[in-house]
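The values are calculated or read from the model by the stated rules, or taken from the named source; none is laboratory data. None of the values given here were measured: they were computed from a predicted structure. Positions of Cβ are backbone-derived with ideal geometry, glycine not excepted, and every protein chain shown enters the neighbour counts.
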Amino acid sequence: MSKEYRPGAVRKLLESLRVGKGPFTIPKGVEIIDRNAFKGCSQLTSVVIPEGVREIGDGAFQECFELTSVVIPETVEVIGDGAFQECKALTFADLPSSVVLIGESAFEGCSELTSVVIPKGVKKIGDSAFGWCDSLKSVVMPEGLKTIGAFAFDDCSALTSVVMPESAEEIGKRAFFECSALTSVVIPKGVKEIGEDAFNDCEALTSIQVDENNSNYRSIDGVLFSKDGRTLIRYPQGIRKDSYQVPEGVERIEFGAFDGCGKLTSVILPVGIKKIGEYAFSRCSKLISVVIPEGVEEIEKDAFSRCSALTSVVMPESVKRIKANAFYDCDALTSVVMPDGVNEIGKYAFYNCDALISVVIPQNVKEIGKFAFFRCSALTSVVAPKGLKEIGGGAFRDCGLLTIRAPKGFYAERYAKENNILFEPID
């Protein structure tokens, strides 16, 4: 039998309320289920919320691990942040049409939840609201919805399709990240902003289509671009091709544009590329070689990190900076030629490139970042310029039988002696 309070003038449940095992019926007269009211009631199996309740507070049912069902009345307007977070047994949540706000992490980690219908009055799905709901197969979004928050459906690995309403304007950072069963996406005409990694690690995604009336984005052969075609935003990870030629006119490869595209062995970049963003080709595990066109000035942070098949890189004379982690863990990289114009080698830039045999540091480099060549175990020769002023901690640690070759009497010689590295003077 359900446990019940006698009806009365109760308007709030006390914080940190604890109940026993089984179902629970909240008394009539309650208007607010307070913050953390049932948090951690790990043996609570079901809850009946009466008419008249307007708000389910932040964390109200958080970590009720045995909660399988909840009946929410038509009077509820607000489901607070983390209200049902980590309710791992919750299989169904019928959200009434009265709801206008679904807070951050409201249903995050509800790993048995299979379907959700978002009420028509909701304008924003809160950040991480349904993140890590890895049984979620179906989501219905209403017209009127404007924002899908950051991480909103992160790691919903059973989600196969998403239909976004015409009213949608913003898709947040990592909104559908690691939705590994998602096969296709259509961006509505009103979308003005798509956050970083919104569709990354969607292994089955073969196409991102865009409404032709959208004024901010377009699709070319299923690949997402800015409307003017100058920025490549996302290449779908599920496309089963081993090579891709970036269209003429593209000037920018966006953050994470090819991240995790493990089928690609070759990407051809056109003349005119000016920027390759952070993580642009990270984890392209079959990418063998890359030719970076003239005009690119920076190899951004993690741009080619963990490209485990990458054997060679050709950089143009325009490159000035190799940023942190740029070629981190490229353990097949045997050759890298840095142009004379390079003046910065960032921390961890070539970390664990354990096939790299020799490196010539360009004349304009004044500083090599910490751990820049750490664990390059095959590295036997580094040629350093006389203008080099600083080498960060651990830059050449675990580099085996390394010899630093540099003009005698300059910083590189002193560094080699202080760190017990063989030194050979050169002109």
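Structure summary
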quantity: Residue 265 vs. criteria of a type in the set (Ser, Thr, Tyr), within 24 Å of residue 294 (Cβ to Cβ) and more than 20 Å from the chain's Cα centre (by Cα); calculated: yes
quantity: First in the range 358-380 and farther than 11 Å from residue 346 by Cα, second anywhere and among the small types (Gly, Ala, Ser) and assigned to a loop (DSSP other than H, G, I, E, B), Cβ under 6 Å, 6 or more apart; calculated: 361/384; 374/394; 377/400; 378/355
quantity: Test for residue 293: is it surrounded by 15 or more Cβ atoms within 10 Å (Cβ to Cβ), part of a loop (DSSP other than H, G, I, E, B) and at pLDDT below 95; calculated: yes
quantity: Residue match in the range 135-143 (condition: in contact with a Pro (Cβ under 8 Å, 6 or more places away or on another chain), touching a residue at least 24 places away in the same chain (Cβ under 8 Å) and either crowded, with 16+ Cβ neighbours inside 10 Å or closer than 23 Å to residue 48 by Cβ (or both)); calculated: yes
quantity: Residue under evaluation residue 379, criteria (1) in contact with a Cys (Cβ under 6 Å, 6 or more places away or on another chain); (2) farther than 26 Å from residue 326 by Cβ; (3) of a type in the set (A, V, I, L, M), criterion not met; calculated: (2)
quantity: Selected residue (only one of 157, 184 is among the hydroxyl-bearing types (Ser, Thr, Tyr) and modelled with pLDDT under 95); calculated: 184
quantity: Selection within the range 73-94 - assigned to a loop (DSSP other than H, G, I, E, B) and crowded, with 19+ Cβ neighbours inside 10 Å; calculated: 76, 80, 81, 82, 83, 84, 85, 86, 87, 90
quantity: Pairs with Cβ under 9 Å, 6+ apart, first in the range 312-334 and more than 16 Å from residue 279 (Cα to Cα), second hydroxyl-bearing (Ser, Thr, Tyr) and in a loop (DSSP other than H, G, I, E, B); calculated: 312/334; 331/308; 332/308; 332/311; 333/311; 334/311
quantity: Some residue of the range 273-283 being touching a strand residue (DSSP E or B) at 6+ places or on another chain (Cβ under 6 Å), outside any loop (DSSP other than H, G, I, E, B), buried (at least 20 other Cβ atoms within 10 Å of the Cβ) and of a type outside the set (Lys, Arg); calculated: yes
quantity: Residue match in the range 328-347 (condition: touching an Asp or Glu at 6+ places or on another chain (Cβ under 6 Å) and either crowded, with 24+ Cβ neighbours inside 10 Å or of a type in the set (Lys, Arg) (or both)); calculated: no
quantity: Subset tally (residues that are in contact with an Asp or Glu (Cβ under 9 Å, 6 or more places away or on another chain), assigned to a strand (DSSP E or B) and farther than 17 Å from residue 281 by Cα) for the range 220-244; calculated: 1
quantity: Test: residue in the range 178-186 that is more than 22 Å from residue 155 (Cα to Cα) and over 17 Å from the mean Cα position of the chain (by Cα); calculated: no
quantity: Residue match in the range 95-103 (condition: free of Cβ contacts under 8 Å to residues at least 40 places away in the same chain and buried (at least 24 other Cβ atoms within 10 Å of the Cβ)); calculated: yes
quantity: Hits in the range 311-321 - residues which are over 19 Å from residue 287 (Cα atoms) and aliphatic (A, V, I, L, M); calculated: 319
quantity: Residue 205 vs. criteria part of a loop (DSSP other than H, G, I, E, B), over 22 Å from residue 253 (Cβ atoms), under 19 Å from the mean Cα position of the chain (by Cα) and among the hydrophobic types (A, V, I, L, M, F, W, C); calculated: no
quantity: Candidates 92, 61, filtered to the one that is among the aromatic types (Phe, Trp, Tyr) and within 20 Å of residue 29 (Cα to Cα); calculated: 61
quantity: Residue within the range 219-227 that is out of contact with any Gly (no Cβ under 7 Å at 6 or more places or on another chain), acidic (Asp, Glu), without any contact (Cβ under 8 Å) to a residue 24 or more places away in the chain and surrounded by fewer than 21 Cβ atoms within 10 Å (Cβ to Cβ) present; calculated: yes
quantity: Every pair of residues 6+ apart whose Cβ atoms lie under 7 Å, when the first sits in the range 412-423 and is closer than 19 Å to residue 365 by Cβ while the second is assigned to a helix (DSSP H, G or I); calculated: 423/413; 423/416; 423/417
